[in-house]
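A short reminder: the numbers here are calculations on the coordinates, not readings from a lab. The shown structure was predicted, so the numbers you read here are calculated from the model rather than taken from an experiment. Cβ atoms come from the backbone with ideal geometry, glycine included; neighbour counts cover every protein chain shown.
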Amino acid sequence: MSIKVKDLVHVYGEKSPYETPALDKVSFEIADGEFIGLIGHTGSGKSTLVQHLNGLLKPKSGQVFIGDAEISAKGAKLTDIRRKIGLLFQYPEYQLFEETVYKDIAFGPANLGLSKDDTDDRVRESMSTVGLDFDTFAQRSPFELSGGQKRKAVIAGVIAMRPEVLILDEPTAGLDPKSQRDMLDMLLNIKESRRVTVILISHNMDDVVRIADRIIVLEKGRVALDGPPAEVFAHEEFLTSIGLGLPLAAEFMRELRIRGVDIEGGALTADEAEESLSRYLKAKENVR
Amino acid sequence: MIRDITIGQYYPGETWVHRLDPRLKITVTLIFIVALFFVRDFLGYVIAIAALGGVIAISRVPLGFILRGLKAIFIIIVFTFALNMFLTAGTPLIKIGFFTVTREGLYGAVFMALRLVLLIIGSSLLTLTTKPIKLTDGIESLLGPLRVIGVPAHELAMMMTIALRFIPTLLEETDKIMKAQMARGADFESGSILRRAKNLIPILVPLFISAFRIAQDLAMAMEARCYRGGEGRTKLHVLKFESRDAAATLLTALFVLLILFERVYSDEIRAFLAL
């Protein structure tokens, strides 16, 4: 599903002493099936922005379109929209509440009014997508799972709704390295299937570079940069100045250049860095 | 929706009202509440409203912000108003079916509603202008003398501090859980009462779990800092009675005298005003 945001403005605690502006004329368009990385410093408005995309927050002004429907309009049918947009909050484990993992994942499909068989299909399918073994976990209490398993169960609960847009707010935060890798593999799988539009909020630039087609940078409630990873990470100085990092490989190349090595920029992954390094070394050899 | 509750919310400021000794502010609020029950007619309310209005003006808390706190008890006010209006015997004014609105009933209804509103505004003004920490400091100090008969003043105050401190945290938590479940297609706004009550389970279970988790973390943090109750504890901010507190005491005394005077001589005052 395509998403269009136009001049979105949001203010928290309006007309109270705690008034804080959160979003300031944010505009962008996301095409069907795109994989977006949304990055920005803490408090830049990322979480506020994504809550507008399924109508959990109402904008002060501006418009949000999901497909053809304007969900920022008064009286918009939000329940239908929320079914099409899967939103996963930060540290989402708190939303588990059922006696068993199965029942918790079935909560969403049950709200859709699906039959028992359909629900069962969806639970099995989404558990296999996130990599939780059905026989081992379906009948266990979600509260006795490990942190990484809980996270998977929660994501399965969102995927079971078969959303057309999937929004993930820092899905790898607070997980151990193995669970983080599992999570990324799962996201890559989802990306390859190309059935859903994904918006991934992350502080890990390496993750973003690895899977996003396009990156949107938020800074102080405004869209600061918007484009393919190579283009966005070309603004090294700007990104560091607003407290964001670079992918490790890009950081490494930048350090080399600062130390007087005259090497081309643009490498974002370890492989690309290796290529430009060997090109650089060969060129040097030839000069000699 | 749940953010509209102003009771227990602090409106930051540095005014004369904000800086008063919390012990005095608590006492004055109690006196104000008792005084409201001494009021016999509307002239007494004029005095009370004038006093309250003065304090609000000095405290610079916007009236809209205070009135928002009334929303939460709006139903209670309407209910009291209706009961008083319909169920008081006296000279009938209007008849609607079974119900008769009497002159006395209407008078009593307005009277009671006004008293309720003033009660709420008066007490919410205390929490609006006093930081929760200062408030419980004041309560602890006021309960101090009762320690001799075994009242655990410090523990009570500490419990209150913690309860007040976690109201906003739990509200935020509720908001977060509601949003997460709504994103999974939960619907809290439609259906029968039974259905809606059942729909609350996905909120209540996670909320309880997080409340217990927060309590456990807090207890651990307090223990790690060797907290062990009130015995021999000193204060970072020792409460002091200052000149502005003396002024406030005088004003309060004046207010009480006015209310009492009005109550005792209400007939004479009315006769005088009629002239």
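Things to note:
- Over all other residues within a Cβ to Cβ distance under 12 Å of residue B:139, the charged ones net out to 0, with Lys and Arg as +1 and Asp and Glu as -1.
- Segment residue A:231-residue A:28, length gained on full extension (0.36 nm per residue, minus Cα span): 71.4 nm
- Cα-based Rg / Dmax (Å) for segment A:247-288: 10.1, 32
- Gyration tensor (alpha-carbon) shape descriptor, chain B, a/c threshold 1.5: oblate
- Over the protein assembly as shown, equivalent-ellipsoid semi-axes from the Cα gyration tensor in Å: 57, 31, 25
- Angle between chain A longest axis and helix A:116-130 axis [Cα atoms, degrees, rounded to 10]: 20 degrees
- Extension gain, residue A:178-residue A:61: 0.36 nm per intervening residue step, less the Cα-Cα distance, totals 37.9 nm.
- Positive minus negative residues near residue A:155 (Lys, Arg vs Asp, Glu; Cβ under 11 Å): +1
- Candidates B:73, B:121, B:201: whichever shows maximal mean-square fluctuation once chain B is modelled as a Gaussian network with Cα springs under 10 Å: B:201
- Spacing of the modelled spin labels on residue B:94 and residue A:68, each 7 Å from Cα toward Cβ, amounts to 5.0 nm.
- With a cut-off of 17 Å on the backbone N, the residues of segment A:270-288 near the modelled label site 7 Å out from residue A:252 along Cα-Cβ are A:270-282.
- Applying a threshold of 25 Å to the alpha-carbon distances of A:74/A:220; A:46/B:179; A:60/B:131; A:4/A:150; A:58/A:220; A:74/A:191 flags A:74/A:220; A:60/B:131; A:4/A:150; A:74/A:191 as lying beyond it.
- Principal axis analysis of the Cα atoms in segment B:132-239 yields extents of 54, 29, 23 Å, listed in decreasing size.
- The mean number of Cβ atoms from other chains found within 10 Å of a Cβ in peptide B:185-194 is 3, as a whole number.
- At least 15 Å along the helix axis (C-alpha) and Kyte average at least 1.6, DSSP helices within chain B: B:22-38, B:42-59, B:74-87
- Exposure proxy order (Cβ contacts within 10 Å, fewest to most) of A:36, B:162, A:199: B:162, A:36, A:199
- DSSP beta bridges confined to segment A:3-230 are antiparallel in about 50 percent of cases.
- Computed label-point distance, nm, for sites residue B:237 and residue B:74 using a 7 Å Cα→Cβ extension: 3.4 nm
- Euclidean distance between Cα centres, segment B:134-177 to segment A:216-262, Å: 49 Å
- Between helix A:177-193 and chain A: long-axis angle, C-alpha atoms, 0 to 90°, nearest 10: 80 degrees
- Average beta-carbon neighbours from other chains, 10 Å sphere, peptide B:169-181: 3
- Pair residue B:160, residue A:9: separation of 7 Å Cα→Cβ label points (nm): 4.3 nm
- Against chain A, whose longest principal axis is taken from its Cα atoms, helix A:147-159 shows a tilt of about 70°.
- For B:227, A:280, A:94, order by how many other beta-carbon atoms lie within 10 Å, fewest first: B:227, A:280, A:94
- Where N is the number of residues in segment A:216-288, Cα Rg divided by 2.2 N^0.38 Å: 1.27
- One decimal place: the segment residue B:271-residue B:86 gains 63.5 nm when fully extended, by the rule 0.36 nm per residue minus the C-alpha distance.
- For segment A:65-104 versus segment B:222-266, the spacing of their alpha-carbon centroids is 49 Å.
- Three-way shape label, chain A, alpha-carbon gyration tensor, a/c 1.5: oblate
- Burial ranking of peptide ranges B:100-111, B:172-183 (average Cβ count within 10 Å, highest at the top): B:172-183, B:100-111
- Spatially, segment B:59-74 and segment A:105-139 are offset by 47 Å when compared through their Cα centroids.
- Within segment B:179-275, GluC sites (Glu not before Pro) in DSSP loop having at most 10 other beta-carbon neighbours inside 10 Å: B:189, B:231
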